[in-house]
Amino acid sequence: MVRATHNVPTTPLQIQTRRQKLLMTGGTNSPPTPHRIELRHDNNEENNCKKPFICQPPAPKSRKTLFNNHAVSNSDNQNGEVKSLSVKESSKNNFTNNKVNGQQKLTEFFPVRRSVRKTKTTVLEEQQLALEKMVRDKTEDGLEVRLFKDKGRGVVAAKDFCRGDFVVEYSGILMDTTEARQREEMYAQNENAGCYMYYFKHNGVQYCIDATQETGRLGRLVNHSRTNPNLVTKTLMVDKKPRLILIAKDDIKNGEEVLYDYGDRSKESLQHHPWLAY
Amino acid sequence: MFEARLLNSAIFKKVLDAIKDLLNEGSFDCSDSGIQLQAMDNSHVSLVSLNLKSDGFDKYRCDRNLILGMNLASLAKVFKSSGEGDTVTIKAQDDADTVSFMFEAKKQDKISDYEMKLMNLDQEHLGIPDTEFSCIIKMPSAEYARIIRDLSQFGESIVISCTKEGVKFSASGDIGTGNVKLAQTINFDKEEDSVVIDMQEPVTLTFACQYLNSFAKATPLSNQVTLSMCDNVPLVVEYEIPDLGYLRYYLAPKIEEDEN
């Protein structure tokens with residue numbers, strides 16, 4: 001197959017260059033994918049301006065869990081109390097801390113609300129840290145790859161996810177737009193490359209994550225749905241670099257395919273990939 | 001603006017008598033649903049939970065939730081000066097640092113006014129989970145007071161053990177042992193004399209006499225007392241305040257010395 005050469009000047013709009021190339025090669029049967037993934041503006045704004053999302057409502061449940069776990073409330077609540085009083089080692093009992101004549105304290109049974117209750121900011125910080133940890137640990141739990149006969153590979157939930165749960169990272173190589181364009185041109189020549197360029201904006205800076213390389217990570221295999229996505233993309237700063245994470249938009253049942261909106265609405269892409277419309 | 005009027009000030013007096021043994025001061029949380037107080041004693045072994053519903057008051061108004069922190073000994077002094085059967089009206093402005101009590105005598109044309117300084121108390125609140133209790137014992141409150149008083153002479157702690165045969169209170173010490181057994185008795189003529197035992201599972205728990213005795217100070221509030229027990233859970237001793245709410249005590253169990 002004859003390839004377009006590089007002497008075509010790069011226009012600022014990537015898609016147009018591609019389109020030109022497509023016309024030149026005339027390869028309409030199996031076009032090198034001219035669609036791209038874009039973080040939709042609405043998502044983007046939500047992401048940048050609004051408060052960090054909440055995985056679960058800040059739980060006043062702690063009291064229930066504390067009930068079965070006295071040890072936690074002990075360490076939490078007994079600040080300032082003398083710990084040196086006859087420490088009893090009772091093999092069967094959980095209560096091994098200070099007791100005078102075996103007398104237990106009420107705070108071992110009931111959590112002190114003030115220390116258990118967290119301010120909104122600490123709750124959010126903790127959620128943020130938990131997310132960062134999951135991204136660093138490359139968490140991909142509860143997901144499996146399945147081959148769909150009409151659309152190729154896709155990712156299916158192997159457990160239930162709750163709305164707001166972290167599902168998977170869209171992992172790849174982070175780059176700026178200039179490099180992304182160069183790469184995209186390069187990929188355009190290879191019809192098997194597919195499109196894994198995810199353009200997004202974080203704090204006003206345009207980035208792209210290139211996941212073209214087969215890495216074994218699952219984020220790049222998640223399919224598109226415009227009408228019925230169950231994931232949303234969020235940007236997350238980890239070690240001062242933006243990362244893309246896919247978060248459950250609704251509760252996801254075990255066995256459901258996970259989908260998100262690629263965000264590409266351009267006519268160009270739609271023409272070649274009519275499935276983008278759905 | 002907060003205003004609560006209670007026809008019989010004696011009830012409040014009894015409540016104070018019932019809690020001032022355990023607590024030096026208390027924060028009364030006032031909201032439109034009523035007045036609540038929750039506080040632990042200094043040793044953090046027991047907890048007092050008082051709930052007075054707004055419906056139970058003769059007149060009740062609470063525009064904004066407010067916390068009235070009071071020294072209970074001082075409050076007891078104020079109520080001591082009230083006469084039997086006086087009507088009391090408690091008033092506080094939203095941001096005030098004082099609370100006022102007005103007592104109106106029933107027979108005479110006499111009005112006494114007292115104003116007391118509020119305290120800013122920084123008290124710990126405990127989250128008390130709902131518990132399915134294994135045993136719930138309802139018994140005459142005077143009987144409870146009596147048993148605890150008698151057994152306190154024998155030792156520092158009392159073992160309460162509830163089986164399907166009934167409930168057994170026992171204490172032992174240097175001078176010997178004491179056991180009091182109560183079986184379920186339902187008295188239709190005098191309901192307040194009944195002993196009702198609702199048992200799902202047998203429970204045996206040990207408690208310090210000192211606290212059980214302090215709880216008995218609430219005896220004048222109610223004819224009956226309810227003891228709720230569950231393994232490894234604090235005991236709940238509840239006195240219902242007729243038409244007004246309840247006074248509950250929570251007490252952490254003791255671990256028996258010879259357990260291991």
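The values are calculated or read from the model by the stated rules, or taken from the named source; none is laboratory data. The structure presented is a predicted model; accordingly, all values stated were derived computationally and were not measured. Cβ coordinates were reconstructed from backbone atoms using ideal geometry, including for glycine residues, and neighbour counts include every protein chain displayed. Heads up: the accessible areas ignore ligands, DNA and RNA and are worked out on the full protein's heavy atoms, side chains in. Shrake-Rupley method; radii C 1.70, N 1.55, O 1.52, S 1.80 Å.
For this structure, a couple of remarks:
- Odd one out for residue B:123 among (1) closer than 30 Å to residue B:230 by Cβ; (2) at pLDDT 90 or above; (3) among the polar types (S, T, N, Q): (2)
- Among residues of the stretch B:101-125 that are within 21 Å of residue B:38 (Cβ to Cβ), those with a Cβ under 7 angstrom from a residue that is loosely packed, with under 12 Cβ neighbours inside 10 Å, sequence gap 6+ or separate chain, pair up as B:118/B:97.
- For residue A:198, the test of being under 23 Å from residue A:138 (Cβ atoms), among the hydroxyl-bearing types (Ser, Thr, Tyr), part of a strand (DSSP E or B) and open to solvent by less than 20 Å² (accessible area, probe 1.4 Å) is passed.
- Selection from the stretch B:65-82 of residues that are open to solvent by 30 Å² or more (accessible area, probe 1.4 Å) and more than 21 Å from the chain's Cα centre (by Cα): B:65, B:81
- Identity of the residue in the stretch B:119-141, closer than 21 Å to residue B:50 by Cβ and among the small types (Gly, Ala, Ser), that ends up farthest from the other protein chains (Cβ to nearest Cβ): B:141
- Hits in the stretch B:176-210 (condition: farther than 30 Å from residue B:11 by Cα and buried (at least 16 other Cβ atoms within 10 Å of the Cβ)): B:178, B:180, B:199, B:203, B:204, B:205, B:206
- Selection of the stretch B:96-118 for residues being in a loop (DSSP other than H, G, I, E, B) and open to solvent by 80 Å² or more (accessible area, probe 1.4 Å) yields B:97, B:106, B:107, B:108, B:109, B:110.
- Of the criteria (1) part of a helix (DSSP H, G or I); (2) more than 12 Å from residue B:247 (Cβ to Cβ), which one residue B:12 fails: (2)
- Count - residues of the stretch B:119-155 that are in contact with a Leu (Cβ under 6 Å, 6 or more places away or on another chain) and surrounded by fewer than 20 Cβ atoms within 10 Å (Cβ to Cβ): 0
- Counting the residues of the stretch A:236-245 that are surrounded by 20 or more Cβ atoms within 10 Å (Cβ to Cβ) and in contact with a Lys or Arg (Cβ under 8 Å, 6 or more places away or on another chain) gives 3.
- Taking the stretch A:146-177 as the range and being within 20 Å of residue A:215 (Cα to Cα) and open to solvent by 70 Å² or more (accessible area, probe 1.4 Å) as the test, the residues that pass are A:146, A:147, A:151, A:153, A:173.
- Only residues that are in a strand (DSSP E or B) and closer than 15 Å to residue B:123 by Cβ were counted across the stretch B:38-55, and they come to 8.
- For the stretch B:76-118, the candidate set comprises residues that are closer than 16 Å to residue B:10 by Cβ and of a type in the set (A, V, I, L, M); within that set, the residue that is nearest to the other protein chains (Cβ to nearest Cβ) is B:76.
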